[in-house]
1. Answer rounded, prolate or oblate for region B:233-353, using the Cα gyration tensor with square roots of eigenvalues a ≥ b ≥ c: rounded when a/c is under 1.5, else prolate when a/b is larger than b/c, else oblate.
2. Please get the size of the charge dipole for region B:1-62, origin at its Cα centre, with Cβ charges of +1 on Lys and Arg and -1 on Asp and Glu, quoted in debye to the nearest 20.
3. First select every other residue whose beta carbon is under 9 angstrom from the beta carbon of A:Glu90; then total the charges, Lys and Arg +1, Asp and Glu -1.
4. Distances in nm, one decimal, shortest first, from B:Asp451 to the same residue in every other copy, taking the label point 7 angstrom along Cα→Cβ.
5. Could you state, as a whole-number percent, how many of the C-alpha pairs of region B:163-208 are farther apart than 18 Å?
6. For a label point 7 Å from the Cα of B:Tyr560 along Cα→C-beta, name the residues of region B:380-418 whose backbone N is under 19 Å from it.
7. Would you give the gap between the C-alpha center of region A:510-549 and the C-alpha center of region A:54-78, rounded to a whole Å?
8. Put a label point 7 Å from Cα along the Cβ direction on A:Lys197, then list its distances to the equivalent points in the other copies in nm, shortest first.
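The values are calculated or read from the model by the stated rules, or taken from the named source; none is laboratory data. What you see is a predicted model, and the numbers here were worked out from it, not measured in a lab. Neighbour counts are summed over all protein chains in view; Cβ atoms, including those assigned to glycine, are modelled from backbone coordinates with ideal geometry. Areas reflect the complete protein model, heavy atoms only, side chains present, ligands, DNA and RNA absent. Shrake-Rupley method; radii C 1.70, N 1.55, O 1.52, S 1.80 Å.
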Protein chains: 2
Amino acid sequence: MYIENINNPGDVKKLNINELNSLAAEMREALLTKLSRHGGHFGPNLGMVEATIAMHYVFDSPRDKIVYDVSHQSYPHKMLTGRKDAFLYEEHYDDVSGYTNPSESEHDHFTVGHTSTSVSLACGLAKARDLKGEKGNVIAVIGDGSLSGGEALEGLDYAAELGGNLIILVNDNDMSIAENHGGLYKNLRELRESDGKADCNLFRAMGLDYIYVNDGNDIESLINAFSQVKDSMTPVAVHINTLKGKGYAPAEADKESWHYSGPFDIKTGKPVYTSDAEDYSGVTADYLLSKMKEDKTVVAITSGTPTVMGFTSDKRKQAGKQFVDVGIAEETAVALAAGIAAGGGKPVYGVYSTFVQRTFDQICQDMCINSNPATIVTFWGSVYGMTDITHLGLQDIPMMSNIPNLVFLAPTTKEEYLAMLDWSIDQTTYPVAIKLPGGPMVSDGKAVTKDWGRLNTYEVTQRGSRAAVIGLGTFYSLGTQAAKLIEEKTGVKPTVINPYYITGIDEKLLEDLKKDHDIVITLEDSILDGGFGEKISRFYGKTDIRTLNFGFRKEYLDRYDVNTVLEANHLTASQIADDVTALF
Amino acid sequence: MYIENINNPGDVKKLNINELNSLAAEMREALLTKLSRHGGHFGPNLGMVEATIAMHYVFDSPRDKIVYDVSHQSYPHKMLTGRKDAFLYEEHYDDVSGYTNPSESEHDHFTVGHTSTSVSLACGLAKARDLKGEKGNVIAVIGDGSLSGGEALEGLDYAAELGGNLIILVNDNDMSIAENHGGLYKNLRELRESDGKADCNLFRAMGLDYIYVNDGNDIESLINAFSQVKDSMTPVAVHINTLKGKGYAPAEADKESWHYSGPFDIKTGKPVYTSDAEDYSGVTADYLLSKMKEDKTVVAITSGTPTVMGFTSDKRKQAGKQFVDVGIAEETAVALAAGIAAGGGKPVYGVYSTFVQRTFDQICQDMCINSNPATIVTFWGSVYGMTDITHLGLQDIPMMSNIPNLVFLAPTTKEEYLAMLDWSIDQTTYPVAIKLPGGPMVSDGKAVTKDWGRLNTYEVTQRGSRAAVIGLGTFYSLGTQAAKLIEEKTGVKPTVINPYYITGIDEKLLEDLKKDHDIVITLEDSILDGGFGEKISRFYGKTDIRTLNFGFRKEYLDRYDVNTVLEANHLTASQIADDVTALF
């Protein structure tokens, strides 16, 4: 085995072309084995094996700096930069993260997990190099799917102006997570079909030099191309045509399903774990499809991640023109939704909590200043969501709840969610966002008749005294558990409140609590700073009411254990009950 | 005069070509007169007179919908859509805002003031039209300067895929606010120089149809071009070459200075009001230029607004390679700064508070998750800043102060600012942002020796008892005034604190205050929700300390009077003193 002897990129350079091809086969085998047992980003990494070998053969990392976009395709790079054990030996699988990570290796320059950043970040490294009068190549690796993101397009535009060495490796596998959407992909196709010779060329139109490699999985062609641009003193795009999922037939055949995979049986391609449980993704698509049939102006919008809102390819087909994928372009997704709402349509944009972060300004300007009644639904915004540092869902409350005019709602059950969504789609007054709770979906079958248009009206679900527990979204049920424990410990039954509205205070209810309560606590599934609870503490600041805000410390967690984090933040029912009863 | 008889676009259609040319001359004259007396966006509007006339001649607004990007160029549109009086008669000058505004007219579809949104918003209107089965043209008007923004490039990419009618009018005057920066501008030049015939074409590369109009100030050519694309069933870019500032020699000669102008003498072009007072813009550039001479790795970054950080064209020349304008591309500006910091350079990105909103995700991911020690300086983030609804500076505290790992500082004087900036540039540990105060710059000449690396250490500037006044940034001096009044009213001298750090609590000091204080108030020049004061209220929530948070209600103000707004938010010294002494 060659891979066992690769401890750094220098070891790659010692191999001849046949040996490099063998190395590629071994790496692909190791990836397949690890991913079948462990899960991870599948297709992008299988497609990039040869290009990664060729890069490390030609360039001299870490003097030459390689910056991976979104870093879904960085596993082969990790294998060649001293981290092979994490791919060869099951007991080491978790030694590395799924993304580039400077704390793992000097060959990684950024912790990256959001798309479309590599060109701009690489421009920064190149600029620093030039300011310091140093030498070396800077290589940005970006997939075709990431190219539609505004930051990537801005970066391509600026790169031409940067001057000096910058190599932009465009890994074109003709796929985003799902199929690509956008006009630029027609141009990429023209370029592929003309062997890079089409006169109209997006990269040249952005002011860049350009070369094309038709077989982006052929190590020899790649080595030739990279050698040609090495030490180039002008920014150049190297466009390579690769096969997503290469080497594993099911992944080559169904690229969308194999972008990311959980553990699976290599022989059959079948997943090891399956679940028929209803979840918020499926519920969303089913509800919207039914609503679309009644109303031709209802339209679902995604920015490159259709399945998070349940729109698998069959459901996208059913929706037809009433489903829009703008490509990875979150800003445009919000602006488009705002425009559709302004034009009298009924848009619903479904997005991961971590990716809605791209749209702060568009929510403010396009939606809220204009009071355009579009709906945003955020998924996975919870401690129970994704645990990689780049994909946390713990910032959406501070980010969104302080934007004027936005109505940000927190359902606790399927029934509340669908009632909110239905109201939001049909009303024409407010920009609305809905924060889906984390953890398993709760469905209690209760009919929800609340008029959501009566803003900031909380619901008292248990009337008690002395202490009031306001449990927002995911943590409403934690609040009810804590209330039970408080009652057990003190004999006093606390009041329990489901606030629903993240963006406003139910002043009447909070005033009313003063009569027979002296403690009010809040629980939220988000960073505390700038969040929901602080608004309650401000409200009661000048009164006798004691307040306690439960939520997460302001910090970036990484690959955490949920229960450990909950406990570290006093977010177990017994800790909450202890903290509250200490004030009795 | 023709303009006096134009009450709606229908009146434009009645004129023949000679009359339209006369109308253009009258409109230009009116613009010149109004802007010389009133100030406003100058160059962009003078360049768009003919194109606006031609649009209203060919299209049928409001059935055909025109969406202006950033809407710096919408004055001629306002003149032709029932709002001419606001340009003809001085007593009506303030009847209209400086931006498109649906509450003024059915011919405006969005309140727009940030760049690069028109294509995506127009896509929304077009999509709504198609969902509803309606007809009509949708026209996005975008300047070449706005094209470098990520949202605009995303929009161009998505537009091609939208299908159906969408006309993108690219108003190319070969200028942004300052000169253009980015590779795409080479392509625009090739297109202009080849009469639109160059094979490599950014718009075609984005999948759009394309036509070119070489004289974008010739009404007849424009009418022909617009007639050709009217009712087009595929998205098409109409690229017109206009002259920024056309018709006023000083503006044609110095396009940057005349992008926006205050009142001026028409004969000489000299401004009516001038000031030699030092301000934070000038101080920033001077400090950075001097720092750049000592240290070749210091680099100033702007995203298309160099003068906000004092970099007029002469100072940009002095800075040479140590000044970077990425074009209007805020996301890339932050990512570039993060990359430069990662590479060991010392970047300072200066940006209007209102435009930093584009970078929430980049601050989180590229700067803070990676702990890249870049510096952002926000200008005009204050009630004393810009008062148009689209340009408010009252959201940066909620937006930025809750991001983990960011050190967000609030100086109150020039001396504190420069000490913070100097520290931030040289330290290599923290991502830092500095929020400049509003109002006239205070300079007290005091040497500042504080070690800013001792995070979250507030300064007690007056030691008192019972009440503590924590005055952040701009409102520190308001806090000292309020403290004086409190002392006058009660005989008790309050403690006064300059907190400096927006992102953290000085727990030791706040604990210490408990000994001989029972009231703690906070003052901040920002929306209260998600802000600084709420963190103090949370801290004291379970104690006997009463807290009061002073700041602004969560709302979008528009063209406000500062004193009225301060009073409405209990932000005068006497109101604050009254509120505090009521708790004594």
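1. oblate
2. Values: 5 positive and 7 negative charges, 34 e Å.
Here the size comes out at about 160 debye.
3. +1
4. 6.2
5. Distances greater than 18 Å cover 34 percent of the Cα pairs.
6. Only B:380-400 fall inside the zone, counting backbone N under 19 Å.
7. Result: 50 Å between the Cα centres.
8. Here A:Lys197 shows inter-copy label distances of 2.3 nm.
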